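Take a look at the structure set out below.
What follows is calculated from the coordinates using simple rules that are stated; it is not laboratory data. Fair warning: this is a prediction, and the values are worked out from it, not measured in the lab. Using ideal geometry, Cβ is built from the backbone for each residue, glycine included, and neighbour counts are taken over all protein chains shown.
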Amino acid sequence: MTTPPEPPPDHEPAPAPGDEPTRARGGDPDAPPGSHPDGGPGVPVLTDPDPDPGADPDPAPAPRVRRFWAVRRIPAAVLAALVLGGAGLLLYDVAAVRADRTAMAWRRELADGLATRPLDDTWVVVGAAVAVALGLWLLILAATPGLRAVLPMRREHADVRAGLDREAAALALRDRAMEVSGVQSVRVRVGRAKVAVKAVSHFRALDEVRADVETVLAAGVDELALAHPPALTVRVARPPRKA
């Protein structure tokens, strides 16, 4: 007995999940993403551009700007000369006494005065006050940076430091203020925290001149590239009347 053949299926088997999108669209699986099945333009696909290999993802923070420290050659030279001279003179006198010679008169008088004068004596108090004042002066010189005439500028590079002299900054701002219409003369004083401007206007309204001067000098202060931009105060007045 022979087995009859099986009838053909009424429908084709379901396509595999991975092949369904391509067959449904009828497109080429090798076509670029976003292309239309009929060859027309499709929806564009946005992709993230490749990052620049040379760019630094985490830029280094700007270095902190500090004031310039003075060398203080003159105070250091004066102090070194006084200490060297006093130490040398005292060492010579001690060596002379050790060699069975008479001590110097100034050292005998100083020793007698320190042994006999009371602590409330005028000369003792004056000498102590002078010593305290000199000590405080030296401490202040050691703890303060000095160079108040140099304003530190912004640091674009960690190994480069720049400073601007106050007089040069005042001259640059004065030239900018003189360009304002109505300004006859200007005096500019540049400090670490404030820029004081006093202008004389011989025509135009004072409020208008003041506003123009403030605008121009604000831009000028920003162009100086100072690390700590000072505040700006502007005063405008009329010239004094001639008698």
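Using the Cβ-Cβ distance between Ala99 and Glu167 with R0 = 51 Å, the FRET efficiency computed as 1/(1 + (r/R0)^6) comes to roughly 0.30. Stretching the chain fully between Ser185 and Ala149 yields a gain of 10.6 nm (0.36 nm per residue, less the alpha carbon separation).
Taking 0.36 nm per residue of separation and subtracting the Cα-Cα distance, what length does fully extending Ala231 through Ala76 add?
On the way: separation 155, 0.36 × 155 = 55.80 nm, distance 3.50 nm.
Answer, rounded to one decimal: 52.3 nm.
Take the Cα of Ala142, step 7 Å toward its Cβ, do the same at Glu208, and the gap between the two points is 6.1 nm.
FRET efficiency for the Arg107 to Ala131 pair, using the beta carbon distance and R₀ = 25 Å, is estimated at 0.90.
Rounded to the nearest 5, the antiparallel percentage of DSSP beta bridges internal to segment 145-243 is 60%.
Between Val65 and Glu223, the FRET efficiency estimated from the beta carbon spacing at R0 = 25 angstrom works out to 0.90.
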